[in-house]
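Trainee: Pasting a structure below so you can have a look.
The values are calculated or read from the model by the stated rules, or taken from the named source; none is laboratory data. These figures come from a predicted structure and were not determined experimentally. We place every Cβ from the backbone using ideal geometry, glycine too, and count neighbours over all the protein chains shown. Quick note on the areas: whole protein, heavy atoms, side chains included, nothing else; ligands and nucleic acids left out. Shrake-Rupley method; radii C 1.70, N 1.55, O 1.52, S 1.80 Å.
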2 protein chains.
Amino acid sequence: MASSHIYSAFDEELKFLARRISEMGGLAEQMVSESVQALVTSNTALAQKVISDDATLDAAEREVGDKAVIIIARRQPVAADLREIMGSIRIAADLERVGDLGKNTAKRVIAVQAQGVPRKLARGLEHLSELALMQLKEVLDVYTTRSAEKAKSIRERDEEIDAMYTSIFRELLTYMMEDPRNITPCTHLLFCAKNIERIGDHATNIAETIYYMATGAQPEGDRPKDDTANTVTASVTE
Amino acid sequence: MASSHIYSAFDEELKFLARRISEMGGLAEQMVSESVQALVTSNTALAQKVISDDATLDAAEREVGDKAVIIIARRQPVAADLREIMGSIRIAADLERVGDLGKNTAKRVIAVQAQGVPRKLARGLEHLSELALMQLKEVLDVYTTRSAEKAKSIRERDEEIDAMYTSIFRELLTYMMEDPRNITPCTHLLFCAKNIERIGDHATNIAETIYYMATGAQPEGDRPKDDTANTVTASVTE
């Protein structure tokens, strides 16, 4: 009876961590979505909201970390239970980073608002963020089901985001070459696009952590990666 | 006798983690230093070396993580010992990210080598990396002594790096406006400067983790931060 009571309390503690992580995921998604919306509509009030939301996410990460250490010390879990807790810490750290990337984008809204974001480019950034958010949403769904199979398939889809980022990168360079007045705003947009691209990397990290929680192993092989934006050398003649 | 034997084996395991982290720190420092050297001297062979060194750092991080979980499961540590192990995982993750940032810089060497890095700018980037590496070196020294006091003081020095990054950011924008042929290489240099600036953030994270390992608490208050580069809007008229 006593041991079943202990088990159930432990179970509650694990559920607490899982609930906090789902909440963190929801807030991180919202921050990213709102930061891009603020950027393409030059909405500084919305940007300010994203910046202040980041403190909530930071506090949640600290709470998950502190709680995890307390649970390990008190329950001395092993095997799958221990992996569950260690995985929670890693996922919370990735979600906190996603929120940071949203905040970084929001901070640049002020720098680009004077000229606004060109319509064509706004569509590209929105589409990039939709892809990144879709990947994040799927990985958070996989977190609830703990399917190693699905976690592995998400990990293989980051390439699409990378390819779109490279295309936006090229487009921004072109705008900058067309008119020097575009240089400052487009530079900030380059960093915004990079922020969004990196959300895909964090979703991939989370997928790898879920795979580890479910199986105790790291997924094999390198993650697929399209790195071409790092070496883009757009032609400036004509 | 048996318990002293167990204690000493546990001690050896903790020492193993600490040794691996020091090795990771040394490799991460070397990668950053070589990536900047490769960048300012357009040395693609050295850049290639940095890129392949990253696999060693990734493997070391996984080893620390796996070993940490095994130690927790086997020894069921609490209090300071548990914090020591949890802290090792976090520090290993930060050092792995520092290596990634070095690798990212190395990857851009190819993109900028055609035009090379302007002498004046090279000096700026070297100086920025010296500051970041000094901060990293100091934090790794503090890791060996576990001084909470020193960890706290390092955390307060990231501002200097941020201010220098902002100045390089402005300078790069100016070069881009002067001549459209500078746009592509300077864009890559912007990302390199950002990579180096972020090394300072990771050194600060490590300082916070050391403070946590030593005291069981997070350092109080926000970390000092100069974010002005996010809102730079250089004038293009004249």
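Trainee: Quick one: pull the percent of accessible area on segment A:1-155 belonging to carbon and sulfur, 1.4 Å probe, ligands and nucleic acids left out.
Mentor: 54
Trainee: Roughly how many Å² is the accessible area per residue of chain B, as a whole number, for a 1.4 Å probe?
Mentor: 42
Trainee: Ok, one more. First obtain the Kirkwood hydrodynamic radius of segment A:112-180 from its Cα pairs, then insert it into the Stokes-Einstein equation at 20 °C and 1.002 mPa s, and state the resulting D in µm² per second as a whole number.
Mentor: 153
Trainee: If you don't mind, another one. Mind grabbing the interface size between B and A? I mean buried accessible area, both sides, 1.4 Å probe, in Å² to the nearest hundred.
Mentor: Buried surface at the B/A interface: approximately 3500 Å².
Trainee: Helix A:79-107 against the longest principal axis of chain A: what's the angle in degrees, Cα atoms only, rounded to the nearest 10?
Mentor: Taking the Cα atoms of chain A, the angle to A:79-107 is about 20 degrees.
Trainee: Separate question: Assuming R0 = 41 Å, can you tell me the calculated FRET efficiency for the pair B:R19 and A:T144, based on Cβ-Cβ distance, to the nearest 0.05?
Mentor: E between B:R19 and A:T144, to the nearest 0.05, is 0.60.
Trainee: At a probe radius of 1.4 Å, what is the per-residue accessible area of B:T41, in Å² to the nearest 10?
Mentor: 80
Trainee: Restrict the search to segment A:134-169; then list the trypsin sites (Lys or Arg not before Pro) that DSSP places in a loop and that have at most 11 other Cβ atoms within 10 Å of their Cβ.
Mentor: Those that pass, being in a loop and sparsely packed, number zero.
Trainee: Could you list, in their original order, any pairs among B:K49/B:K150; B:K107/B:K152; B:K49/B:K120; B:K120/B:K152; A:K67/B:K150 whose Cα atoms are separated by more than 29 Å? Numbers along the way, then the final one.
Mentor: Working: B:K49/B:K150 34 Å; B:K107/B:K152 34 Å; B:K49/B:K120 26 Å; B:K120/B:K152 34 Å; A:K67/B:K150 27 Å.
As for pairs spanning more than 29 Å Cα to Cα, those are B:K49/B:K150; B:K107/B:K152; B:K120/B:K152.
Trainee: Another question, then. Between the chain alone and the structure with every protein chain in place, find the residues of segment B:151-190 that drop at least 20 Å² of accessible area; heavy atoms, 1.4 Å probe.
Mentor: Those residues are B:F169, B:L173, B:M176, B:M177, B:P180, B:R181, B:I183, B:T184, B:T187, B:H188, B:L190.
Trainee: Please give the average number of partner chain Cβ atoms lying within 10 Å of the Cβ of each residue in A:107-114, rounded to a whole number.
Mentor: Across A:107-114, the average partner-chain Cβ count within 10 Å equals 3.
Trainee: Taking the radius of gyration and the Kirkwood hydrodynamic radius from Cα positions alone, what is the Rg/Rh ratio for chain A, to two decimal places? Let's see the in-between values first.
Mentor: Working: Rg = 20.1 Å, Rh = 19.0 Å.
Here the Rg-to-Rh quotient is 1.06.
Trainee: Rg to Rh ratio, segment A:1-80, alpha-carbon atoms and Kirkwood radius?
Mentor: Ratio value, two decimals: 1.20.
Trainee: Right, here's the next one. By the gyration tensor of its Cα atoms, with a ≥ b ≥ c the square roots of the eigenvalues, what is the shape of segment A:87-145: rounded for a/c under 1.5, prolate for a/b over b/c, or oblate? Please list the in-between numbers first.
Mentor: Numbers: a/c = 5.87, a/b = 1.82, b/c = 3.22.
Oblate, since a/c reaches 1.5 and b/c is not below a/b.
Trainee: Cα convex hull of the protein assembly as shown: how many Å³ per residue?
Mentor: Values: hull volume 66.2 nm³, N = 476.
Hull volume over Cα atoms, normalised by residue count, gives 139 Å³.
Trainee: What residues does segment B:63-85 have that are buried by at least 20 Å² of accessible area in the full protein assembly compared to the chain on its own, 1.4 angstrom probe?
Mentor: Residues passing the criterion (a loss of at least 20 Å², heavy atoms only) are B:D66, B:V69, B:I72, B:A73, B:Q76, B:V78, B:L82.
Trainee: Just need the relative contact order of chain A here, percent rounded to a whole number, with Cα pairs under 8 Å and 6+ apart.
Mentor: 25 percent.
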